[in-house]
Amino acid sequence: MEILPTGYWTFFCTPERWDIEGFINSAETKTRYKIQKNQKDYFGRKQYGIISVLNDNRKNISPWFYAKQPLKRGIYAIVEILSDKAILGESYFDNYSYPEEDNGQKSYTVEILFRKELLFSPLYTKNISDDLIENHKWLLKGKQGISASVLQKETFERILEIGNVPKSKLYT
């Protein structure tokens, strides 16, 4: 069954590939996020989403990560899509990326703006799972190989309520 796009997205963050903590603690607010090819036609300006951390396996990568506490499963940011459409280009790496060998492969990305960071008050999945309007299995458990997933508007707005994020801060 195909899930139709809604204009709302869950972006899955893998901390061993992208340092969300470092990004949020910086002064930066914009980055590009990789999406799947089959989603490229569904993204556009003034769409919204969340950044969800599923499994934090950084300690398995490098001794430097032992100094950081693993992030718990949860929602760590509310974002807005700035791109008019997805752009195909060389793999995108910013100052917070841990590049993989990609052999020069091209990928689709969209530019996102962090509208509200929740690093110091994340919405932990285990605390909100019963409170969400939709039991969005990918939001709660993730799916291997997926970097973004459709999110229902009602669930997004419920996440805003739970996180005490006024809609007026986003829909300007």
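Could you give me the residue pairs with C-beta distances under 8 Å whose first residue belongs to segment 148-172 and is closer than 18 Å to THR6 by Cβ, whose second residue is at pLDDT 90 or above and basic (Lys, Arg) wherever it lies, and which are 6+ apart or on separate chains?
Hits for this filter: LEU170/ARG115; LEU170/LYS116.
May I ask you to list the residues in segment 69-90 that are part of a strand (DSSP E or B) and not acidic (Asp, Glu)?
GLY74, ILE75, TYR76, ALA77, ILE78, VAL79, ILE81, ILE87, LEU88, GLY89 - these are the residues of segment 69-90 that are part of a strand (DSSP E or B) and not acidic (Asp, Glu).
I need a count of the residues in segment 152-170 that are of a type in the set (A, V, I, L, M, F, W, C), part of a loop (DSSP other than H, G, I, E, B) and closer than 16 Å to THR125 by Cβ.
Total meeting the criteria: 0.
How about segment 1-20: which of its residues are part of a loop (DSSP other than H, G, I, E, B) and at pLDDT 90 or above?
Of everything in segment 1-20, those that are part of a loop (DSSP other than H, G, I, E, B) and at pLDDT 90 or above turn out to be THR6, GLY7.
Identify, please: which residue in segment 31-52 is under 19 Å from VAL165 (Cα atoms) and not in a loop (DSSP other than H, G, I, E, B) and is, among those, farthest from the chain's Cα centre (by Cα)?
The selected residue is TYR48.
Regarding PHE23, is this residue part of a strand (DSSP E or B) and among the aromatic types (Phe, Trp, Tyr)?
Criteria not met by PHE23.
Determine which member of the set LYS106, LYS68 is of a type in the set (D, E, K, R) and at pLDDT 80 or above.
LYS106
The values are calculated or read from the model by the stated rules, or taken from the named source; none is laboratory data. All of these numbers come straight from a predicted model, not from anything done at the bench. Every residue, glycine among them, receives a Cβ derived from its backbone with ideal geometry; neighbour counts consider all protein chains shown.
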